[in-house]
Amino acid sequence: DRGPLRKVGEHGAIVTALAVAGATLCSADADGFVGLWDLETLEAAGELEAKPSIYALAVVGPVLFAARGDGEAVVAWDVSTKARADAPPYAAESLLAVGKKLYLGRDDGSISVWDAARATPLPAAALEHGHDGCVTALASMAGVVVSGGEDGAVVCWDAAARTRRWA
């Protein structure tokens with residue numbers, strides 16, 4: 001039988017995002033809840049709430065960021081204390097953490113870049129005019145940020161130069 005190693009937990013709705021913050025697994029769902037699971041014991045370690053729903057998670061240091069649906073602003077928590085942390089006051093459909101930067105995939109087709117530690121924008125670092133419509137997915141590798149959108153396009157960006165490498 002090739003079943004799971006172990007079922008860690010369960011949500012009451014569709015699981016929409018996963019992230020790891022230190023020794024904590026974070027799982028988000030379409031009802032706006034984040035389950036926290038201790039990776040050492042695989043036991044529940046708490047729950048966070050960010051209604052109406054959660055589309056994406058990203059971790060920078062001890063801070064967990066959540067992109068919520070319906071035009072709601074990104075929210076954040078310090079995972080160790082479960083206290084709210086500073087977050088960008090913008091809505092996002094997708095998130096990506098690279099070092100101390102937080103990339104927000106926006107519904108206007110752009111990607112805004114934030115200093116995650118201070119929750120301040122890095123306007124000169126924004127990646128613009130990449131998609132017609134919402135940026136739904138983000139990934140990175142070796143200085144390249146890759147975005148996917150509801151327009152069906154996959155775009156590679158040179159993160160430092162803020163230019164499209166190919167689309």
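The table that follows gives values for the structure above.
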| item | result |
| --- | --- |
| Among the candidates 83, 76, residue that is in contact (Cβ under 8 Å) with a residue 12 or more places away in the chain and of a type outside the set (Asp, Glu) | 76 |
| Filtered residues of the stretch 140-151 (kept if part of a loop (DSSP other than H, G, I, E, B) and either farther than 22 Å from residue 91 by Cβ or in contact with an Asp or Glu (Cβ under 6 Å, 6 or more places away or on another chain) (or both)) | 142, 143, 151 |
| The stretch 116-139, subset part of a strand (DSSP E or B) and open to solvent by 60 Å² or more (accessible area, probe 1.4 Å), residue modelled with the highest pLDDT | 136 |
| Condition check for residue 27: of a type in the set (Gly, Ala, Ser) and farther than 16 Å from residue 82 by Cβ | no |
| Residue tally, condition more than 16 Å from the chain's Cα centre (by Cα), within 16 Å of residue 99 (Cβ to Cβ) and surrounded by 14 or more Cβ atoms within 10 Å (Cβ to Cβ), over the stretch 140-161 | 3 |
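The values are calculated or read from the model by the stated rules, or taken from the named source; none is laboratory data. Predicted, not measured: the structure shown is a model, and the values here were computed from it. Methodologically, a virtual Cβ is constructed for each residue, glycine included, from the backbone with ideal geometry; neighbour enumeration extends over all protein chains shown. Note: accessible area is taken over every heavy atom of the protein model, side chains too, but ligands, DNA and RNA are not part of it. Shrake-Rupley method; radii C 1.70, N 1.55, O 1.52, S 1.80 Å.
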